[in-house]
Amino acid sequence: MKVRIFPSPGTAARALALDIARRVSLDPRLVLGLPTGRTSIPLYDELVALSRSRVIDFSHVTTFNLDEFLGLSADDPRSYHAFMRQHLFDHVNLSPRRTHLLNGAARDVAGECARFERAIARAGGIDFMVLGLGGNGHIGFNEPNRWLVTPTHRTRLSASTRRANAFLFGHRSGVPREALSMGMGTILQARRIVLLVTGRSKASAVRRVLSGQLTTRLPASFLQLHRDVEVWLDEAAASLVSSS
Ligand code: GLP
C-alpha cells in the first residue's frame, strides 16, 4: 500500500480535498464514498472552502456514506445524517437526491441494507472511497470479529467504538449498541480508496494495518488486498511506522 505522510491533520485534509476536487473536475459525475468521525471534519471544512471558491462543483457528484447508528432517524441531531448536513451537505451544491445514507430508523433493516446496495450498483459503483480508521482497526462499522461481513449489514458496536462516538451523545451509555454499515465487500469494490488517519491514538492501529498480515481482528488490514489504496497519515499517526 502506498503511504503518504503529511506534517499535520490540516495539510493532509487540504491535500485530500484538492485530490477530490481534481478528480471531480476530470469526472463531474464522480461517485464518492464518505466517512464520518472527527478525522473527517478538517476534510469537509476544506471541501466547503473549495466549493465556496468554486474550485469544486458538486452538482453532479453522488455520495454514499459508510454507516449510520441503528434506531436514529435522519433528523436526529446525533445521527450521521445530521453530522453530514452540519459539516458538508448544508454548505455545498450536492443534490439531495444524490446523497445516500443508510436509514437507521428503517423498520425493515435487511430491506434497507439491500436497498443501499442496489443504489450503489445503480450509481455504477463507488469511484473514490474515503475511509477513516477506528482505534480498534474498524472501517465503517466493520468491527473486529471472528468473521467479517461482505455486504451492507446490521452490526453490533464494540465498547471502544461506543466510547469513541460518545462525543455525539454526551456519554457512552447513550451511544446505540448497533449500527448499519457498508460491508467489507462493498468497501473493497470501490475503484480507489484513501484511508485517512490522524493522531497519535491511531498510531498502533496504523502500524498493524501496514504489517503485511491479514486478520478479521483488524478489519482495515483487508485493505492490503486492494489494488488502488493509499494510506494518508499525519506525522502523529505515522509515528510507529518504520521508514524501511
Ligand atoms: C467511527 C465511524 C467510522 C470512522 C471512524 C473513525 O466510529 N464509524 O466511519 O471512520 O470511527 O472515527 P474518528 O475519526 O472520530 O476517530
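Read-outs throughout are calculated quantities, based only on the coordinates presented, and are distinct from any laboratory measurement. Bear in mind the structure is a predicted one, so any value in this text is a computation, not a measurement. Every residue, glycine among them, receives a Cβ derived from its backbone with ideal geometry; neighbour counts consider all protein chains shown.
Annotations
- Using the Cβ-Cβ distance between TRP147 and ILE41 with R0 set to 51 Å, the FRET efficiency works out to roughly 0.95.
- If R0 is taken as 35 Å, the Cβ-Cβ distance between SER158 and SER239 corresponds to a FRET efficiency of 0.90.
- Compared with the alpha-carbon gap, the fully stretched path from PHE167 to ASP108 is longer by 18.4 nm at 0.36 nm per residue.
- When both bridge partners sit in the chain, DSSP labels roughly 25% of those beta bridges antiparallel.
- With bins 5 Å wide beginning at 0, the percent of Cα pairs of the chain falling in each bin runs 1, 7, 14, 19, 21, 19, 13, 5, 1, 0, 0.
- Scaled to the globular estimate 2.2 N^0.38 Å, the Cα spread of the range 75-162, given as radius of gyration, is 1.18.
- Largest GNM mean-square fluctuation across ASP108, ASP67, ASP19, computed for the chain with C-alpha springs under 10 Å, falls on ASP108.
- Grouping the Cα pair distances of the range 8-144 into 5 Å bins from zero gives a pair-distance distribution of 2, 10, 19, 24, 22, 14, 7, 2, 0 percent in increasing distance order.
- Projecting the Cα atoms of ALA17, LEU30, SER40 onto the dipole axis of the range 1-78, where Lys and Arg carry +1 and Asp and Glu carry -1 at the beta carbon, places ALA17 farthest toward the positive end.
- Rg to Rh quotient for the range 15-74, alpha carbon positions, Kirkwood Rh: 1.01
- Every pair of different Cα atoms in the range 169-228 enters the Kirkwood calculation, which places the hydrodynamic radius at 13.7 Å.
- Restricting the range 36-83 to trypsin sites (Lys or Arg not before Pro) that sit in a DSSP loop and have at most 12 other Cβ atoms within 10 Å of their own Cβ leaves ARG54.
- Beta bridge orientation in the range 129-244: antiparallel %, DSSP, nearest 5: 40 percent
- Distance from the range 61-97 to the range 1-33 (C-alpha centre basis), Å: 20 Å
- Shape metrics for the range 141-244, restricted to C-alpha atoms - Rg then Dmax, Å: 14.5, 43
- Gain in span if fully extended, ARG208 to ILE5, counting 0.36 nm per residue against the direct Cα distance: 71.4 nm
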